[in-house]
Amino acid sequence: MERKVVVITGASGGIGAATARLLGTQGHQIVLAARRENELKEAAKQAGSEAVPVVVDVTRRADVQRLKETALQTFGRVDVWINNAGRGISRPVLELTEDDVDQMMSVNLKSALYGMQAIVPYFQQENKGHVINVSSFLGRVPLVTFRSIYSAAKAALNVLTANLRMDLQEHYPNIHVSLVMPGMVLTDFHKNALGGASQRRPGGAGNAQTAEEVSVAIASLIEHPQSEIYTNPASSEIARRYREDVDLFEKNLLKRN
């Protein structure tokens, strides 16, 4: 297995921390980024002696640029950049405020945009690299209404990811751009959602996965790049049914709820 330098945002907990731990055990050199300094340092300890924590706010372009520079100064190169930072919301569409929309777009969409715009020029210079954007199954099938603008932001991320991949395909075939779409994951994501943890539980999305299960899918993706993956095996079939007949899908979902 080739040893890689991997940058992971949103790495102080959940999927990001689990991915850092797994990749660290595989011998990769990890740069972890997040706002929560104490949690980030603990996650870095668990990712191996060479793991480097960098406290950043990925909603600030200058911080993301500093993250890239720190990684390059520390290890001399970057091979994989994982835009994983994200935050949920517990608010239906008609209750959304302008601030809700701005925060969700900033954390879930603009942070990834800043990451892509920071690292891809370097990858172009090197003529190789891998961008991985961690989205959500809800960006493909918006079946949890109280996640509203979160789902919309992730849908936008799906499109930006595809657009970047197509922009690079002709002249930079060795730069991979991948989309990861987890379903429900057993983390503190819902507790940290804007508006607080919802008492309602989503239905129709398949069984929940652990962060460790998602990290295995991401590690496999690094070894074998693909355009996009669902981490839950049930998700692709659910997405197919949704695309084929949206009305029927929604009616069946309402019956189950």
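The values are calculated or read from the model by the stated rules, or taken from the named source; none is laboratory data. Just so we're clear, the structure is a prediction, and the values are computed from it rather than from any experiment. Cβ coordinates were reconstructed from backbone atoms using ideal geometry, including for glycine residues, and neighbour counts include every protein chain displayed.
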For V107, the lone unmet condition from (1) farther than 18 Å from S136 by Cβ; (2) in contact with a Lys or Arg (Cβ under 6 Å, 6 or more places away or on another chain) is (1)
Taking region 95-115 on its own, how many of its residues are touching a residue at least 60 places away in the same chain (Cβ under 8 Å) and surrounded by 19 or more Cβ atoms within 10 Å (Cβ to Cβ)?
3
Can you find, within region 204-236, the residue that is surrounded by the most Cβ atoms within 10 Å (Cβ to Cβ) among those that are of a type in the set (D, E) and either within 26 Å of L164 (Cβ to Cβ) or at pLDDT below 95 (or both)?
E228
Contact list please: Cβ distance under 7 Å, first residue in region 30-54 and over 16 Å from S111 (Cβ atoms), second residue modelled with pLDDT under 95 and assigned to a loop (DSSP other than H, G, I, E, B), pairs at least six apart or on different chains.
I30/G48
Considering G14, G48, G88, G27, which residue is touching a Leu at 6+ places or on another chain (Cβ under 9 Å) and at positive phi?
G48
Taking H28 and the conditions (1) more than 18 Å from F123 (Cβ to Cβ); (2) surrounded by 23 or more Cβ atoms within 10 Å (Cβ to Cβ), which numbered condition does it fall short on, given that it satisfies the others?
(1)
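Would you check which residues across region 3-13 are surrounded by fewer than 23 Cβ atoms within 10 Å (Cβ to Cβ) and touching a residue at least 40 places away in the same chain (Cβ under 8 Å) and list them?
We begin by selecting, within region 3-13, every residue surrounded by fewer than 23 Cβ atoms within 10 Å (Cβ to Cβ); these are 3-5, 13.
Matches in region 3-13: K4, V5, G13.
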Residues of region 55-88 being in contact (Cβ under 8 Å) with a residue 60 or more places away in the chain, among the β-branched types (V, I, T) and under 25 Å from R147 (Cβ atoms), in sequence order, are I82
R87 is checked against (1) part of a loop (DSSP other than H, G, I, E, B); (2) over 18 Å from the mean Cα position of the chain (by Cα); (3) surrounded by fewer than 20 Cβ atoms within 10 Å (Cβ to Cβ) and fails just one. What number does that condition carry?
(2)
Consider G139 carefully, then state whether it is loosely packed, with under 15 Cβ neighbours inside 10 Å and either closer than 21 Å to A217 by Cα or without any contact (Cβ under 8 Å) to a residue 40 or more places away in the chain (or both).
no
